[in-house]
Amino acid sequence: MMNALTTLDRRISWRIAGILLIVSAITLGTPVPLIPSPLVPSLLLVSALILLGWGGGSGGNIVGGKRSGTIALAILAVWTGLATLVTVFWASFSPLNPALLTLWTAIGFLHFALLAIVAVQIGQNRALLIGWRWVPLSVLTAAAVISVITVAVAQADFGAIGPVTSIMAGLSALVSALAPALIGILALLTPVPSTDTSPRQPESHVIM
């Protein structure tokens with residue numbers, strides 16, 4: 001009975017998380033942001049990460065209960081909130097500092113590494129639909145490739161914002177905005193695994 005209740009809690013949590021992710025993508029991905037402040041989309045993302053990681057227990061969460069993925073989710077939730085606060089404060093009060101920009105870039109690579117850990121472990125979670133579970137990693141890879149090309153084009157233009165650079169930057173922003181939406185769809189459509197994490201055939205332990 002407890003397993004059934006926990007699974008129901010997880011199903012509800014995942015559905016709510018999916019809606020939050022889609023709403024956050026909509027607020028960020030429109031040409032004119034629907035919400036001027038980035039704090040609201042950030043709060044939606046943090047809430048969704050918490051629900052996907054711990055809604056109904058962490059034993060059968062979005063990363064299959066794996067410790068490294070669950071820890072990465074926790075760090076991402078904290079990082080998302082802090083990064084938004086720092087960005088808002090920085091843009092409002094602080095001048096650009098080359099040393100701080102370098103540090104921010106380094107932290108950005110750490111952020112990408114955490115995303116990669118989560119994306120890979122979502123893909124390895126056999127309780128999820130195989131057609132959807134590799135979507136986060138595919139989107140993350142596309143975003144990385146586009147970002148590298150954007151940087152290369154900008155350097156070729158000697159830092160000037162030419163038309164090609166603008167197009168690539170816009171494409172990068174679009175892919176980044178689509179990522180939460182796609183993961184939100186994944187959370188909405190994927191059958192939620194039961195709390196019993198013992199090895200079974202996929203069709204025997206997926207609860208619709």
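Rounded to the nearest 0.05, what FRET efficiency is calculated for residue 126 and residue 149 with R0 set to 25 Å and r the Cβ-Cβ distance? About 0.15, to the nearest 0.05. Using a simple spin-label model with pseudo-atoms 7 Å out from Cα toward Cβ, residue 78 and residue 171 lie 3.7 nm apart.
What the Cβ-Cβ distance of residue 116 and residue 87 gives, at R0 = 22 Å and to the nearest 0.05, is a FRET efficiency of 0.50. With all protein chains in place and ligands, DNA and RNA left out, the 1.4 Å accessible area ranks 172, 138 as 138, 172, largest first. Heavy-atom accessible surface of residue 175, to the nearest 10 Å², is about 20 Å², with a 1.4 Å probe and all protein chains retained.
Amide H contacts of residue 192 (H built 1.01 Å from N, in plane; Pro and chain starts excluded): 207 sit under 5 Å, all sequence-distant by 5 or more or on other chains. Using the Karplus relation 6.51 cos²θ - 1.76 cosθ + 1.60 with θ = phi - 60°, the per-residue 3J(HN,Hα) values for region 66-73 come to 5, 5, 5, x, 5, 5, 4, 4 Hz, with x marking Gly and Pro.
The values are calculated or read from the model by the stated rules, or taken from the named source; none is laboratory data. What you are looking at is a predicted structure, and each value in this text was computed from that prediction instead of being measured. Cβ sites come from the backbone with ideal geometry, for glycine too, and all protein chains shown count toward neighbours. Only protein heavy atoms, including side chains, enter the accessible area calculation; ligands, DNA and RNA are left aside. Shrake-Rupley method; radii C 1.70, N 1.55, O 1.52, S 1.80 Å.
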